[in-house]
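The values are calculated or read from the model by the stated rules, or taken from the named source; none is laboratory data. Remember, predicted model here, so these are calculated numbers, not experimental data. Every residue, glycine among them, receives a Cβ derived from its backbone with ideal geometry; neighbour counts consider all protein chains shown. The accessibility values were calculated without ligands, DNA or RNA, using every heavy atom of the protein model including side chains. Shrake-Rupley method; radii C 1.70, N 1.55, O 1.52, S 1.80 Å.
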Amino acid sequence: MSKFSDIVAVLYQENKKYLNKRTMQGGALVVALCMLSTMAYVESPAKATRSVELEPASTAGAFYAVSNIELSAQQSELVYAASDVTVVSATTDQVEPDGNDKYDQWADKVMADVDEYLYIRAEADASSEAIGKLRAGDVATLVDVFDGWYEIESGNAHGFVSADYCITGIEAYEHALDVCDSYATTGVAGLRIRSEASEDSKILKVVPQGTKLTVNTDAEEIEGWISVSYEGNTGYVKSDYVQVDMATGEAITLEEEAAAIAAAEEAKAAAAAAAEQAKQEAAAKAASNQTVIASADDITLLAAIIQIEAGSEIYEGQVAVGAVVMNRVYSGSYANSVNGVIFQRGQFATSRMSAVIAKGPKASCIQAAQEAMAGSDPTGGLTHFRRAGSKEGLVIGNHVFY
């Protein structure tokens, strides 16, 4: 036996550069098990003890740990003092993951196959306290498996979900593709979104680096291109220049959900209060404006509307605008007052009326109002006006009267 061990040692020294850790562990295991199973004969009467310490090998099958193998030969009989052999099934963390392989990325992922949410419980029992929710679109990490239950972690939630309503691994990945939105993040500056999957097609938009584009998962797959949507534009980008990810969610604890609901209600109440305050302020302002307007006499009202409509026009044009108001008052087809004509809906721009009155109309506008009320009428009885060039009629300054 000693001679055999020496031969093995020499072979190892000569070939160790070709052997990796997994190969050496496997070889040691095979030798040890062969010796045990064949009741190997040892010529030397001396007791031989060999301790083999093996670390679990990273393998997708099973690993064997053999320790404290003690052999002795007495009178041509094989005696073994101790032989502990442990067989352990491989788990996903024993395999070196491939970052580009969805099978590896999703090997320990869990999703709830439900329409809304699945309760996360404190214990692996349907009657146990609910501590969170694994919602549709949320992804959790599998911690352990029990009889009909998965222990999971997701976000700040750590508990148990019924395996009957969950899917794992690649099935979870395929489910995520259906229920979660996908987005493409641009990896270069000035990425072009084109109308078609061709570099010769029209450029719809140029987006900066880091922009997130919504991926159109229902679009036909075209090699080298990805269909995306951004700011109302739908087109294609080169797949080499974007990183595609899914917008998966995390589970939420019941405490977090309650806090979120309370925050939403508080925000809603604050928004309602702000809207009510704005409404009251607008009403107060309108009342104040009405008070200012109500306190003004007809000359001031007419001068104010002349300033608003024709403040930058020649003086004749200012008088003409005042005359249009007065012609309407006397026509019988409109209100029979200056106030009524000016504030008839959709006729004159009155939004700045109170501000102009409060500050006081320009002197030229006051004079034009006085002349118009006294009967001066450059328009010859016309009742309408607008910007010149938009209609045929009498042109005075930049307005045409008709």
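Quick notes
- Overall size of the range 140-287 from C-alpha positions, given as principal axis extents largest first: 63, 59, 24 Å.
- Calculated SAXS-style log₁₀ I(q)/I(0) at q = 0.20 Å⁻¹ - the range 279-402, Debye, Cα scatterers: -1.08
- Computed extension gain for Arg387 through Ser128, at 0.36 nm per residue and net of the alpha carbon distance, reaches 85.6 nm.
- Taking 0.36 nm per residue of separation and subtracting the current Cα-Cα distance, fully stretching the chain between Asp164 and Val179 would add 3.5 nm.
- Here's the list of aspartates and glutamates a cross-link from Lys362 could span, going by alpha-carbon distance under 14 Å and ignoring same-chain residues fewer than 8 apart: Glu309, Glu313.
- For Val244, solvent-accessible area (1.4 Å; no DNA, RNA or ligand), Å²: 60 Å²
- For the range 121-214, radius of gyration divided by Kirkwood radius, i.e. Rg to Rh on alpha-carbons: 1.23
- Point-to-point label distance, Gln243-Ala358, nm (Cα→Cβ direction, 7 Å offset): 5.5 nm
- Accessible-area value, Met246, 1.4 Å probe, nucleic acids and ligands omitted, Å²: 40 Å²
- Extended-chain gain in nm, criterion 0.36 nm per residue less alpha-carbon gap, Glu256 and Phe343: 25.9 nm
- Surrounding net charge for Phe385, when Lys and Arg each add one and Asp and Glu each subtract one, Cβ distance under 12 Å: +2
- Accessible area per residue for the range 126-209 is 52 Å², calculated with a 1.4 Å probe on protein heavy atoms, without ligands, DNA or RNA.
- The range 225-328 pair-distance distribution - Cα-Cα, 10 Å bins, rounded %: 11, 16, 13, 16, 15, 15, 14, 1
- Placing dummy labels 7 Å off each Cα toward the beta-carbon, the span from Asp113 to Thr214 is 2.9 nm.
- Phe146 paired with Ala278, simple spin-label distance in nm, labels 7 Å along Cα-to-beta-carbon: 5.2 nm
- Nearest-20 debye value, the range 318-402 charge dipole, Cβ charges on Lys, Arg, Asp, Glu: 360 debye
- Candidate residues Glu153, Glu231, Glu313: accessible-area rank, largest first, probe 1.4 Å: Glu231, Glu153, Glu313
- Cross-link table Lys285/Lys359; Lys102/Lys212; Lys205/Lys238, entries beyond 20 Å C-alpha to C-alpha: Lys102/Lys212
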